Each structure stands twice: as structure tokens, then as C-alpha cells.
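The values are calculated or read from the model by the stated rules, or taken from the named source; none is laboratory data. These numbers come from a predicted model, not from an experiment. Cβ: placed from backbone, ideal geometry, glycine included. Neighbour counts: every protein chain shown. Ligands, DNA and RNA are excluded from the accessible area calculation, which covers all protein heavy atoms including side chains. Shrake-Rupley method; radii C 1.70, N 1.55, O 1.52, S 1.80 Å.
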Amino acid sequence: MQSCDISSDSTDDPLRSGLRIYPQPRIVVVGAGLAGLAAAKTLLENGFTDVTILEASDHIGGRVQSVQHGKATLELGATWIHGAYGNPVYHLAEENRLLEHTTDGERSVGRISLFTKNGVAHYQTNAGTRIPKDLVEEFSDLYNEVYKLTQEFFQNGKPVCTESQNSVGVFTRDLVRKRITMDPDDSENTKKLKLSMLEQYLKVESCESSSPNMDEVSLSEFGEWTEIPGAHFVIPDGFIKVVELLAQDIPSGTICLSKPVRSIHWNYSARRREQERGGDHNENRNASQQPHKDPLILGHPVYIECEDEEWIAADHVIMTASLGVLKEHHKTLFSPSLPEDKVHAIEKLGISTTDKIFLEFEEPFWSPECNSIHFVWEDEAQLEHQAYPEELWYKKICSFDVLYPPERYGYMLSGWICGQEALYMERCDDETVAETCTELLRRFTGNPDIPKPCRVLRSSWGSNPLIQGSYSFTRVGSSGGDFERLATPLPDSNTTKATPLQILFAGEATHRKYYSTTHGALLSGQREATRLIEMYQDLQRVQTTQPNM
């Protein structure tokens, strides 16, 4: 078991940033993803020395997972830097020359393709025929026009009609269908193709939102997510390089790997005082499970109970666990339980799984100009709900992208699947996935001679117990305010005199405008570190301005 270098309780180690009077606080960061690393880095740069990171897995990075494959790096997790202007991830990558070899095909300004690049997207039907390019463009214009309307409910304060059920999927499907069916210039066959394409586009949208389907995404809140201007960038050497940059100045003993947390006991000193007064006879842990040292003597308000039975004292904890983990474990992860408003935020916000399926072939079966193969099921023209039984999980695969350039990636396709169907896929073995995807490609391209891939690699974010989902979204019934409620530190300084900022919350699901992004995660970690820095600066000012007695 890797040990943690926990600093002593000495109070003679003032902050290097000039806080000469207040003692060094002990700060524990839970999670070594982008949020946790950004928080720790910011604290250390501002003179805090007693900082520890507890990471449950055996590696840093969280939902960044770059896998080396020959000359290429494949991304099982975070892939793009979304936008350049003011994006801290972009500036970090650019300043450290991580984008020097990013090709034109790896710079994207498109929105509705998950991997837009030079070339032509091939929309294929389950009958093995390709939909004409002009028809695809015509439908795409219609879809994008309606997509812009979905943004206006939040941005312009438009009221949501009852018929839409406050759902992006219901609203989009109803309006696009009306416009298609009312078009006097289209034949019935063309209308059917467009209606079928609508369902494929909604599958792509679900993958981008990481929602089970767009029917679960809130229409009234959809437009609050903010896109940073500029192109999307792929880092050729892997997104893990950004993680390594954040971690490079963090002392090695600060990060404790394979150190899962069982429970965070907060307001601990206050509760022990209450116990001693006889006011609390219902502690949820017996005496043998309590720390060996008396927190009244140590003066720490928080204890982190680890799975290996170690207890770690802290003044502040920055929690960066994913929304999926919080949904599953918040009842046991915090003692006392989280306040009701925070629990409601956790329960109302959405998180689902978006997985990738990489298929490597000895030779390409696609034409040189093809950049992606999209699956359009003609029998789904009137589909009302995108949910499939387990044996039909493959119908949720929306497309396969061709990875360029071949000099780097070889002949590689990257497929996309989301929702419950992604979890079904995760349960299958590699051979089953390879066979199923090969049959799909044969059927939709009309080419029965496509060979099985020589290698399959795929993500499994939904079944990863330390992650439990890809990233968050505003589910019907939730709002942007829920992200802020999730981000609110404990305890509430307005309702209690307890030690402030005992537990702070960071991670992509705590950023109101940039949820679901790497820059949202990074900024949230910096935000919580800054919150602590400013508190201690305020304490320093109070100490230095008090008159001498």
C-alpha cells in the first residue's frame, strides 16, 4: 500500500505567500483528475504546503485516459480541447507546444459531427445504400436551424410549451417532423429518409450530451451551456500530457494512489463537543472505529476515513468525485449526511455513459475521401423513444469516424455509443463487439467482404466503479442552479458558526456554464483553491489590522 506523506500538525510553518500569523491548514484533495490536480497546483503555488491528494485508482488523470498504440495515441476519455479563446486547457497546451503536430483534420469548427475533419461523411442506410450528399446537407441545414431554436428557451427566456415536455428530444423531433412532412417538394421516400436521419442525428446529440437520449435533456436549460469561441483541438501525443503538465510541479509524496476514501466525517470537532455534553448519542460509527487521537486536541474539523482503515485529519477537503460516484455513494460518503438541497441537486442532475469503440483494420475498406460512416435505420423513421433491449444494443451506435492521418493511426475507426446501450456493450467481450460491429459495417455499406478488425479497444466509463459515467448534463427537472448548489461548500456559513469551508466541491459537474468539459473541471479546481486562498488572506488581514493589547 502506498503511504502518504502527511505533514505534521506543527503551527510554525506559515504560508510562503505572506500569511505569517495563521498556521498552515491541512488540505486534502479527493481525486487526481483535472479538477483535483488544478486545485492542488493552485494551492501549492500560493504557499500552502500541507496538501495531500487521495486517488482511488492506480493512476492520475480521472476521465482522461490516453492509450499508446504504435505511433498513435488513442483517447478512451477526454479527446478535444473545446475552444481556444480564454480556454485554460488550450493555453496550457499551446504554451507547452502540445499542438505543434495537430493536423488540419484535428482542428474542428463543426458541431454536429463528433469527429469533424476534412473529407465527406457517408450516411448509409440499413439497406446498404448511401444517402445522396445534397439530401444530407439539406437535412443538416434543417436540423441545425431547429437546434438553434433549442438554445433560445434559456438564452431569450422563451416559455416552454407543455407539448415539448421540457425535453430537447421531444421538441426537436416534433418540430423537425412537422417541417419534413409539410414540405411539398419532397417525395414520400425522401421524407422517410429525412425522418430516419433525424433519429441518427439525435443519437449523435445524445453522445455529445452524454445522456441516455435527448428526451431526458432539459429544453429550458439547454442553452445555458456556453461554448468557448475557436476551434476544437486534438492533442496528438494525448490529452494525458495536459494532466502531466498539471502534476509536474506537485511533489511526488503529495499524491497517494490506490487510496480510496470510505467516508468523510465533517463538523467532527463540533459533534464531539456535542457528544461530550451528552447531546449526541447516535454516532453512526462505534468507538473502536474512531481515530486514535482526540480531534478536540488536534483541532481538525474533518476526518477522512480511507478504505484501508487509515484516518486522515484535515482542515479542508476538496471533493472532486464524479457526479456518478456522488449519486451512488453520497449517503455513505459523508457523515453527517449532505444537506437536503445538495442531495436534490445530485439526484436531479444527469450523467450517463458515452463510450468509444476503436476498430483497427489491416487495410481500409472505405474510400479515401470518406471521413465517417453514419448508420441510418430506415425502420426508425417514426421512432418515438430511443431505447433498445440488451440484444439490440448495437442499434445505438450512431457512427464510426475515420482517424486521420493514416501515417499516425493506421487504418482505424472510432465508433460512438451512449446510454444504457453503452453499458450493454461494456458487458460484451471483445470478440462479440468485433463481430457485431463488422456485421453492422457490412450491412450499412453493402460490402459483405469487410474483414473483422485485427484489434478492438473500447472504453467502459459506465461500469468503472470509480467513475460511473462520462460527464454531466441538465436532465429534465434540473437547472443550472443545481450545478451551483452542488458546488456550494459545507458547512453553510450563513446558518452555522462551525469552521467554514470544511468540504469544497469541484469537478465538471460543479461548473454552471462549462459542465461536461475538461476546462470546466480545471476551472472548478482553481475556483475552490482560490476560495481557500482568499479566506486565509482575509484572516491574515484581520490579524494584521487588530490593535495591539
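General remarks:
- Accessible-area value, Lys327, 1.4 Å probe, nucleic acids and ligands omitted, Å²: 70 Å²
- Portion, in percent, of the accessible area of the chain that falls on carbon or sulfur, probe 1.4 Å: 49 percent
- Within the chain: Cβ-based charge dipole about Cα centre, in debye rounded to nearest 20 (Lys, Arg +1; Asp, Glu -1): 1020 debye
- Accessible area (Å², 1.4 Å probe, nearest 10) - Val542: 80 Å²
- Helix axis angle, 34-45 relative to the chain longest principal axis, alpha carbon, degrees: 40 degrees
- Per-residue SASA entry for Asp449, accessible area with 1.4 Å probe, Å² rounded to 10: 130 Å²
- Most to least accessible of Glu484, Glu528 (protein chains only, probe 1.4 Å): Glu484, Glu528
- Between region 35-106 and region 421-450, the Cα center-to-center distance that results, in Å: 32 Å
- Folded to 0 to 90 degrees: helix 430-445 orientation relative to the chain principal axis, Cα: 40 degrees
- Note on region 31-157: dipole from Cβ charges, positive end direction compared against Asn96, Phe139, Gly128; the farthest Cα belongs to Gly128.
- Solvent-accessible heavy-atom area per residue, rounded to whole Å², over the chain at 1.4 Å: 43 Å²
- Placing unit charges on each Cβ (+1 for Lys and Arg, -1 for Asp and Glu) gives the chain a dipole about its Cα centre, and among Leu74, Phe505, Pro451 the Cα reaching farthest toward its positive end belongs to Phe505.
- Histogrammed with a bin width of 5 Å, the alpha carbon distances of region 49-160 distribute as 2, 8, 10, 15, 15, 14, 14, 11, 7, 3, 1, 1, 0 percent, first bin at zero.
- Ranking Arg541, Arg262 by solvent-accessible area of protein heavy atoms (1.4 Å probe, all protein chains present), from largest to smallest, gives Arg541, Arg262.
- Principal-axis tilt of helix 518-545 within the chain, Cα atoms, nearest 10 degrees: 20 degrees
- Dipole of the chain computed with +1 at Lys/Arg Cβ and -1 at Asp/Glu Cβ about the Cα centre; of Pro364, Tyr394, Thr52, farthest Cα towards the positive end is Thr52.
- Along each principal axis, taking the top coordinate minus the bottom one, the Cα set of the chain gives 89, 53, 44 Å in descending order.
- Figure note: Lys396, Lys148 ranked by solvent-accessible area, largest first, 1.4 Å probe, ligands and nucleic acids not counted: Lys148, Lys396.
- Beta bridges per DSSP with both ends in the chain, % antiparallel, nearest 5: 65 percent
- Region 469-520 and region 343-397: distance between their alpha carbon centers, rounded to Å: 29 Å
- Eligible aspartates and glutamates near Lys327 by straight Cα distance, threshold 12 Å, same-chain separation 8 or greater: Glu347
- For the residue pairs Lys71/Lys259; Lys148/Lys194; Lys158/Lys395; Lys178/Lys203; Lys158/Lys342, the C-alpha atoms sit more than 30 angstrom apart in Lys71/Lys259; Lys158/Lys395.
- Burial order of peptide ranges 413-425, 89-101 (average beta-carbon count within 10 Å, highest first): 413-425, 89-101
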